Amino acid sequence: MIIIIVLVTILITSFITDIRKRKILNSVTIPSIIFAFLYYLSTQGLEGFIFSGKGFLVGLCLLIIPYMLGGMGAGDVKLMAAIGALMGTSFVFYSFIYTALIGGSIAFGLILKQRGIVNSMKSFFYTMVFFRSNLGSMLLTKEKDSSISFPYGVAITLGTLCALVWGGY
């Protein structure tokens, strides 16, 4: 039960700070990871420590490539790693699936809002016709600074809460 309380606390805190400051704080994620390792070590011994370590590594690995490509911040990666350390590999994987679905939906909605549905359909058509080459996006790009971003911690929080409510064990 204490693990669930810690999880919900870090999710709410990260949600708020990511919306307000576009940051997920190290002062939230790092202590959560340390707490998870110590909690599982003290309650389940080496097996618990390994359980938490595997979850940590899976959570870290799920978002490290998007981070390295510049698609998200390090705080997002550390938050997913903290979720894995607290809840284990199976849960963090389900959380990631829900997060990806929610994040994709948010991104799709923002694209439609910014570009309009007609331009989005044209972009999709050109991309499909030109076999995902850059030609389709070059034809429709108006400005170089027209990128769309949103605080991904929102999607991580909502996805993790979905895994918590609908199961992810």
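Any chance you could run the full-extension gain for I19 through S149? It's 0.36 nm times the residue separation minus the Cα-Cα distance, nm to one decimal. Could you put the intermediate results ahead of the total?
Numbers: separation 130, 0.36 × 130 = 46.80 nm, distance 1.20 nm.
So the chain would gain 45.6 nm between I19 and S149.
Here the 3J(HN,Hα) profile of region 47-55, calculated from phi with Karplus coefficients 6.51, -1.76 and 1.60 at θ = phi - 60°, is 4, x, 4, 5, 4, 5, x, 5, x Hz, Gly and Pro shown as x.
In plain terms, the residue of I64, I148 with the fewest other Cβ atoms within 10 Å comes first and the most crowded comes last, giving I148, I64.
Computed extension gain for E47 through A74, at 0.36 nm per residue and net of the alpha carbon distance, reaches 6.9 nm. If the chain linking L110 and I12 were pulled fully straight, counting 0.36 nm for each residue of separation and taking away their Cα-Cα distance, it would gain 33.0 nm. 3J(HN,Hα) along region 153-160, derived from phi through the Karplus expression 6.51 cos²θ - 1.76 cosθ + 1.60 where θ = phi - 60°, amounts to x, 5, 5, 4, 4, 5, x, 5 Hz, with x in place of Gly and Pro.
Every number here is computed from the coordinates shown, using simple stated rules; none is lab data. Note that this is a predicted model, so its numbers are computed, not measured. Cβ: placed from backbone, ideal geometry, glycine included. Neighbour counts: every protein chain shown.
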